[in-house]
Amino acid sequence: MKNKFLILIFLLLSNISFSQKLFNNVIEDTLSIEEFGNKVELENDLNKSEKLNNILIDEIIKRRKIKTVPLKIQLFYENAYLATLINKAYFANKKGDFKKEIAIYYKVLKNITTRTDPRYIGFTYSAIGMSFAEIKEYEKSIFYCKKSLYYLKKSNNASAISSIYNNLGQLYSRINRLEQALFYLKQSEIYGKDCENTSILGSTYNDMASVYYKKEDYVKAIESYEKGIQISTKAKDNFQLSILYFNSADAFQKIGNTQKFEAYKIKSFQFADSSKNLTVLKNAGKDLSQIFKNKNDFKKALFYFEKSNAAKDTLEKEDNKNAILKAEFKFDNEKKEAQIKALHQDKKIARLNNEKQKNLMLILSFLFISILSTICILFNRFKIKKQNEYLKSKLEEAEKTILAEKKASQSELKAFKSQMNPHFFYNALNTVQSYILTNDKKLAISYLSKFSILTRSILEMTEKESISIADEIKTLTLYLDIEKARFNEDFEYSIQIENIDDTELTKIPSMFLQPYVENAIKHGLLHKEGRKELKINFTIENQVIVIQIEDNGIGREKSMQLNAIKNKNHTSFATEAIQNRIDILNKMRAKPIQLTFTDKKNSYQHALGTVVNIEIPL
């Protein structure tokens, strides 16, 4: 699952109920659980697996309380319980909840005894280390990976040991302790050779070369890349080869070997194309476009430029096409094939006509051959020259158009952001001001500190087109903590995340949600009596980020009535600005952002609050 070197059992159950299938007696316990362990790789439904794993935890806890079974079976139950906890931590990892994952692994450590298999202990420490690496606490990550190494060496699993050494090498490289990084990567190489694990070896040589590259020792970097290329070629790992050739080409460029630089970039491009490594395809295509542009080979330059742009567009859009896009793609292919067949037929006819004309010319006069040949040569040269000029102008025009469109869109978005930010600051400062006026110095200082952090966060977000969901949640939490000061402890909020594997990598437009959260507080909750609740939920459904902002306020109808009484000319600045911004964003997206409002009412048609639903296609 998360690490290949440990076999995790207890993830999959059949449709027969657990109590009917397992635990009829101690012999059937072990046989049935091992049988399910063999099926674990066949299960792809993460939610179903998590529910079944929770059932399994409950059943194993019941069995552990039975003291009449033999010691060997008791030990089996102990390891089974640890395995189910490890599974539980894995599910938290897939949801991006790394703190919860670490907490579960600590629970695993509390249940470890002197009888526990060292592999479980080693895996647990390794998993904790990798979880800390996810949140960029590298010193803690290194500490736990070293503890993992101690226990894995007891199990004599060369593949697992090689993997941990490789992790340690990468961690030291990230914090620029390059000598330690090389030491651990060389140890990974030794154990990787012992177990003949080509996957780990290829990665190790690539990481080792990256360290030499950082040290500006490009000759040794090239030597390591070449070792990785040999291993990955033997394993037919085209994906890894595309990375190795790409990085190796940069090292050759550093030592002035332009011939190798170009050749390796081409190989990198070819392997990336065959293995669908879009990141390398984009970067290698961009480099090759520039190389051939400098050589005045504009046809190839345009080819690689278009390939690079296509890869870039694919990376920025959906990872998988839906059935409609596939059908359109199939239709386009069939259409192009028909066009290609027609072109081949036209070329064949043209070739036959040319042969007839040549025969006719030979019959008429041999003297005209030399004259016509000279004319053809001059004409072809002229044609090639014009074609090169045309391709060059087309390439430059394409580059300018893309750049101009991007700058125009960014300028419009920045203009709307700059309008929204002062509005944001004004409302937040009112809250802090109320504490200062009531002479509550401690709370004023506390909220001023939060406000300064919030201000810095907003200034950073203003310069970005998009931010991660994790950063958006941090900013919203700060904002809501400050807004909470308006209420007498009767305002509660919650932010939930579901079905999102990595909130650091999942992006949404910056400063996008705050206006709706602000409206929920200002127009929905501020005028409500009693308990005030605000819920924000993030989830992904069918490649669409779905965000719900729900309050139990007075409702939009009542809010508009109050606004009409206070100010007949009232217009929601934030709502108008965000709608304009959505219109601009939708011009640049393959699928538009969808926005809906739902008024919650009871059976008597009394307002129970408002739900804002925002759908952002990935």
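The values are calculated or read from the model by the stated rules, or taken from the named source; none is laboratory data. It should be emphasised that the depicted structure is a prediction, and the values quoted were computed from it without experimental measurement. Here Cβ is always computed from backbone atoms with ideal geometry, including for glycine, and neighbour counts include all displayed protein chains.
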Of the candidates Y90, Y81, Y106, the one satisfying the condition of being in contact with a helix residue (DSSP H, G or I) (Cβ under 7 Å, 6 or more places away or on another chain) and either buried (at least 23 other Cβ atoms within 10 Å of the Cβ) or in a helix (DSSP H, G or I) (or both) is Y81
Test result for E518, in a loop (DSSP other than H, G, I, E, B) and more than 30 Å from F91 (Cα to Cα) = no
Give the range 172-198 a look and list any residue that's aliphatic (A, V, I, L, M) and either under 10 Å from V211 (Cβ atoms) or in contact (Cβ under 8 Å) with a residue 40 or more places away in the chain (or both), or say none.
-> L178, A181, L182, L185
Would a scan of the range 370-383 turn up a residue that is in a helix (DSSP H, G or I), at pLDDT 75 or above and of a type in the set (D, E, K, R)?
-> yes
Which of the residues spanning the range 254-285 are under 22 Å from the mean Cα position of the chain (by Cα), charged (D, E, K, R) and either at negative phi or at pLDDT 90 or above (or both)?
-> D273, K282
Right, I402: among the β-branched types (V, I, T), closer than 25 Å to A301 by Cα and at pLDDT below 75 or not?
-> yes
Any hit, the range 162-169, residues being buried (at least 20 other Cβ atoms within 10 Å of the Cβ), at pLDDT below 85 and not β-branched (V, I, T) | no
Answer yes or no: is there a residue in the range 129-138 that is under 26 Å from S188 (Cα atoms), outside the structural domain of N166 (by TED's automatic domain parsing) and among the β-branched types (V, I, T).
-> yes
Residue check, K341 at pLDDT 60 or above and exposed (fewer than 11 other Cβ atoms within 10 Å of the Cβ) | yes
Residues of the range 208-225 satisfying the condition of being out of contact with any Ser or Thr (no Cβ under 7 Å at 6 or more places or on another chain) and under 24 Å from L281 (Cβ atoms) | Y213, A221, S224
State all residues of the range 111-121 that are in a helix (DSSP H, G or I) and either of a type in the set (V, I, T) or modelled with pLDDT of 85 or more (or both); if no residue qualifies, say none.
-> I121
Among the residues of the range 141-151, is there at least one that is farther than 24 Å from K62 by Cα, within 28 Å of the chain's Cα centre (by Cα) and in contact (Cβ under 8 Å) with a residue 40 or more places away in the chain?
-> no
Check K136, K186, K95 and return the single one that is more than 25 Å from N206 (Cβ to Cβ) and surrounded by fewer than 23 Cβ atoms within 10 Å (Cβ to Cβ).
-> K95
Got a number for residues in the range 196-222 being part of a helix (DSSP H, G or I) and surrounded by fewer than 16 Cβ atoms within 10 Å (Cβ to Cβ)?
-> 2
Members of the range 146-159 that are farther than 16 Å from V108 by Cβ and either touching a Phe, Trp or Tyr at 6+ places or on another chain (Cβ under 9 Å) or assigned to a helix (DSSP H, G or I) (or both) | K146, L149, Y150, K153, K154, S155, N157, A158, S159
Return the only residue of F261, F269 being in a helix (DSSP H, G or I) and touching a Lys or Arg at 6+ places or on another chain (Cβ under 8 Å).
-> F269
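To keep it simple, each residue is scored yes or no on (1) surrounded by fewer than 16 Cβ atoms within 10 Å (Cβ to Cβ); (2) of a type in the set (G, A, S); (3) modelled with pLDDT of 90 or more; (4) under 27 Å from R456 (Cβ atoms).
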site	(1), (2), (3), (4)
R486	no, no, no, yes
Q496	yes, no, yes, yes
F512	no, no, no, yes
N519	no, no, no, yes
K528	no, no, no, no
T539	yes, no, yes, no
E557	yes, no, no, no
N567	yes, no, no, no
Might you let me know whether the range 147-161 holds any residue that is in contact with a Cys (Cβ under 7 Å, 6 or more places away or on another chain) and not aromatic (F, W, Y)?
-> yes
Kindly establish whether R119 is outside the structural domain of A470 (by TED's automatic domain parsing), among the charged types (D, E, K, R) and touching a residue at least 60 places away in the same chain (Cβ under 8 Å).
-> yes
